[in-house]
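We did not get these values from a lab; they are worked out from the coordinates using the rules stated. Predicted model only: the values in this text are computed from it and were never measured. Here Cβ is always computed from backbone atoms with ideal geometry, including for glycine, and neighbour counts include all displayed protein chains.
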Amino acid sequence: MDSRRLHVTFPSSSTKDVHQFQKALPDLSEPAEIGCFSLSYVNETRREFHDDARGLRLLLRRPSYPLSLDLKEGFDTYKKFDEGARMNEHLDHFLHWILLHPQEFLFRKQSHKSRKKELVVCVRGSLTDLMMTPYEKNDGWIFVVCRIDGVLYLTKFETEQDVYRWENGTEEKENFMYWGYKFEQYMQVPPEDPQAFQGPINNSEGFHSVIYTKLSDTGILLVGEMDCLDPKAPPTTPAPFCYVELKTTKLYPGLDLSVKQTFLCGPKLLKYWAQSAICGVPKILIGFRNGDGVVEKTEEVATVKLPLLAKEASRHGLKDSVWKQEVCLNFLDGFLKFVGQVVAKDYDKAAYKFEWSPGKSGVNVSEEAPGSRWNFIPEWYLQSRPG
Ligand code: A3P
Ligand code: MG
Ligand code: MG
């Protein structure tokens, strides 16, 4: 047996399904940072783990308007990390951190085990993708999950569409991607030396926060890359509430420059909210760029305000902007519970693949044999795992 289709399914994105998740908000407990690590560039397919906060940057607050930050600058020296290599890392860096901090992991594991509740280990991006599923019209996903000593490990695998996109990226897309990283560089400074020379853009380095949170009664241990720390946050502010997410978006000419107006024109709002809400990042600083890649203005917006802006957009009849936080969180909550019920066997017996594409109602599940390409837990973790 290499792959066995399981006759279980979970509803996803038809209108009827969205309706089904439209109920009271599930409880998302206050996220707490329990550790951190940094990653640095080795070459275009490899990066190095550091058990410290060396990648942390401070937010450099510039005047919000008028600004002229040219995001095109330095593109010829861009050190781009391979997208396939990024996905192939799966949970490796996180697992490395767990091996170095077993007590932090074991404490949560025991606590969930004694209450007979699930604990999920994953990266933040996986949760963001899951939360957006009820509204996703273009991109499907594949998640693989396994159970080790009772804990669920969840990771994303590339779809055929992802591979096609990596191999056929347009110049315009490359530019947009570079612009996002360049904006981050303009807005960040190293804490120890705010005047330090900022070298070529390198999209593999960063500071990663390890966060514990709970969605209804499912515990989640997640890792998220944090863009910067707010120097204006009082020193007693616990992480992750001291972090700020940086984003760039297009400035729509002819409109008032307020965040609200611009968002009413764009469906990006949901992604911004999902990414920051799930890990407790309270603030998003947005750079508005013109068509030539020059940021002319920035605005700060509180993460909790985004669902309200979406509500307002829906009142204006802007269909692309219509989403509800309760649908996203109930979908995630329901999906994680479904995963917990399906993933029964231990990892040395099976891995479970969950596959979904837009337009299809329902998530397909299969049980994959040990040793298949869907195995993502490295042998070094299996040998040395805590507990
Ligand atoms: P923008 O989101 O401002 O465009 P993050 O916002 O998650 O910190 O990521 C920083 C930048 O990485 C993004 O900036 C974007 O340029 C690039 N990026 C992240 N995820 C991406 C994706 N899935 N596709 C293309 N670019 C991406
Ligand atoms: Mg980031
Ligand atoms: Mg960002």
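Gain on full extension, evaluated as 0.36 nm per residue between THR170 and SER40 minus their Cα-Cα distance, stands at 44.1 nm.
With Cβ to Cβ distances under 12 Å as the rule, what net charge do the other residues near LYS214 carry (K, R +1; D, E -1)? For residues surrounding LYS214, the net value is -2. Rounded to the nearest 500, the helix-only mean residue ellipticity at 222 nm of the chain stands at -9000 deg cm²/dmol, with each DSSP H run of n ≥ 4 adding -39,500 (n - 2.57).
For the range 144-188, what class follows from the C-alpha gyration tensor (a ≥ b ≥ c being the square roots of its eigenvalues): rounded when a/c is under 1.5, otherwise prolate if a/b is larger than b/c, else oblate? It comes out oblate by the Cα gyration axes.
Dipole orientation for the range 89-246: of the candidates ILE220, PHE107, TRP179, PHE107 has the Cα lying most toward the positive pole (charges on Cβ; Lys, Arg +1; Asp, Glu -1). Rounded, prolate or oblate: pick one for the range 184-251, where a ≥ b ≥ c are the square roots of the eigenvalues of its C-alpha gyration tensor, a/c under 1.5 means rounded, and failing that, prolate if a/b is larger than b/c, else oblate. Prolate. Counting only Cα atoms, the size of the range 283-387 along its three principal axes is 53, 32, 30 Å, in decreasing order.
For the range 149-223, what class follows from the C-alpha gyration tensor (a ≥ b ≥ c being the square roots of its eigenvalues): rounded when a/c is under 1.5, otherwise prolate if a/b is larger than b/c, else oblate?
oblate
Once both axes come from the Cα atoms, what is the angle between helix 306-315 and the longest principal axis of the chain, in degrees from 0 to 90, rounded to 10? Between the helix axis and the principal axis of the chain, the angle is about 80 degrees.
Taking the centroid of alpha carbons for each part, the range 288-303 and the range 47-119 are 24 Å apart.
Under a 5 Å amide H cut-off, with hydrogens placed 1.01 Å from N, LEU58 pairs with VAL189, LEU229 among residues at least 5 apart or on other chains. Taking each of LYS250/LYS271; LYS247/LYS324; LYS72/LYS324 in turn, the alpha-carbon distance tops 27 angstrom for LYS72/LYS324.
Largest first and in whole Å, the equivalent-ellipsoid semi-axes of the range 1-146 read 32, 25, 21, each the square root of five times a Cα gyration tensor eigenvalue.
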